Ligand SMILES: Cc1cc2nc3c(=O)[nH]c(=O)nc-3n(C[C@H](O)[C@H](O)[C@H](O)COP(=O)(O)O)c2cc1C
């Protein structure tokens, strides 16, 4: 995979599942990161081709819990992000999914206590030897690109020093979220400190932080010198941010997201969480729509709330048809329902 001059959907827990990634890609994202998945969780999974939906699932053994769902449509652009504190476990996890994804990324920026207490996420930033061990182990054993995503360290000099060490491991690119571990999302991202990393490395740097409009892609590239740009909240609130023609109305984007959630049988918790984030940004959860999302127990409820019962029925009818037919490839069927 090529990392220069790309628009990138950031990893987002509970949001970055298959329908959201495909939605972002449809609007123009070149690379789409999945939500962080912890290695401990993935190593308990088995790979299952899901002919019913037309996708590939990684399902926790002995249960029907889908930990990661992907499909051939996104294979060339989806990045699987792992949360880890151990090179061997990270490799075991990566080996399970590496044939189905375009690249593997290691999360070195998560400031949440569950990550830090497990020695994962931002806890890695103070352990350069462990970073080296994890990244070189993955590099040596896998033949797809390996990357990682970091936050800024206490001083810009420290960040540059760490970035140089990371570059030496042979990673294909480095994503830099322009905030320190203690910064809150409302604190402005420090694009100038990302620029210091860009000018010190020769691998592609993916600049991340405070991109909310299509024009910001250009602004952050100019300010940082980075060749690629990653966006999280701007895409969560309106995934059409990637479209050069300008953003669509959020209601339209939301409708498309609901349809894709139905089409790919998304985990209803993920769909609800994503819809709630959109509603909180543009409206209020106190209004009937928000209350309806909160009350929804399954995708049928969501379909009803958004007037998509017919689509819901059509998708499910089509699935039973395909299930009974060996001649039809289900992903083709799914494709034809995408619009
Ligand atoms: C809902 C949400 C979930 C996130 N989950 C992850 C994650 O799984 N892995 C990760 O590296 N960063 C995660 N982040 C951080 C984003 O990827 C990104 O670095 C951060 O939000 C800054 O980008 P932004 O200013 O465009 O929002 C998450 C952010 C949000 C808002």
Out of all the residues in the stretch 132-187, which are out of contact with any strand residue (DSSP E or B) (no Cβ under 9 Å at 6 or more places or on another chain) and within 18 Å of residue 116 (Cβ to Cβ)? 182, 184
What is the number of the single condition among (1) surrounded by 15 or more Cβ atoms within 10 Å (Cβ to Cβ); (2) closer than 17 Å to residue 226 by Cβ that residue 164 does not meet? (1)
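Residue by residue, here is whether (1) over 9 Å from the mean Cα position of the chain (by Cα); (2) surrounded by fewer than 24 Cβ atoms within 10 Å (Cβ to Cβ); (3) at negative phi holds:
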position	(1), (2), (3)
4	yes, yes, yes
9	no, no, yes
26	yes, yes, yes
30	yes, yes, yes
35	no, yes, yes
45	yes, yes, yes
48	yes, yes, yes
Residue identified as surrounded by 20 or more Cβ atoms within 10 Å (Cβ to Cβ) and out of contact with any helix residue (DSSP H, G or I) (no Cβ under 6 Å at 6 or more places or on another chain) among 150, 144, 194, 134: 150
State the number of residues belonging to the stretch 17-50 that are within 15 Å of the ligand (Cβ to nearest atom), in contact with a strand residue (DSSP E or B) (Cβ under 6 Å, 6 or more places away or on another chain) and under 27 Å from residue 218 (Cβ atoms). 7
Selection count where residues are free of Cβ contacts under 8 Å to residues at least 12 places away in the same chain and closer than 19 Å to residue 240 by Cα, scope the stretch 255-292: 2
From the list 213, 167, which one is out of contact with any helix residue (DSSP H, G or I) (no Cβ under 6 Å at 6 or more places or on another chain) and more than 14 Å from the ligand (Cβ to nearest atom)? 167
Which of the residues belonging to the stretch 87-119 are assigned to a loop (DSSP other than H, G, I, E, B) and either closer than 19 Å to residue 141 by Cβ or in contact (Cβ under 8 Å) with a residue 12 or more places away in the chain (or both)? 98, 99, 100, 101, 102, 109, 110, 111, 118, 119
Taking interchain pairs and intrachain pairs at least six residues apart, which have beta carbon atoms under 7 angstrom, with the first residue in the stretch 153-176 and over 19 Å from residue 141 (Cα atoms) and touching a residue at least 24 places away in the same chain (Cβ under 8 Å) and the second within 16 Å of the ligand (Cβ to nearest atom) and in a loop (DSSP other than H, G, I, E, B)? 159/153; 162/153
Identify all residues within the stretch 120-142 that are more than 16 Å from the ligand (Cβ to nearest atom), part of a loop (DSSP other than H, G, I, E, B) and in contact (Cβ under 8 Å) with a residue 24 or more places away in the chain; write none if there are none. 142
Report yes if residue 64 is free of Cβ contacts under 8 Å to residues at least 60 places away in the same chain, closer than 19 Å to residue 142 by Cβ and assigned to a loop (DSSP other than H, G, I, E, B), otherwise no. no
By residue number, the members of the stretch 36-49 that are without any contact (Cβ under 8 Å) to a residue 24 or more places away in the chain and within 16 Å of residue 101 (Cβ to Cβ) are 48, 49
Failed condition for residue 21, given (1) modelled with pLDDT under 95; (2) surrounded by 16 or more Cβ atoms within 10 Å (Cβ to Cβ); (3) part of a helix (DSSP H, G or I), with all others met? (1)
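The values are calculated or read from the model by the stated rules, or taken from the named source; none is laboratory data. Just so it is clear, the model here is predicted, and its values are computed rather than measured. Methodologically, a virtual Cβ is constructed for each residue, glycine included, from the backbone with ideal geometry; neighbour enumeration extends over all protein chains shown.
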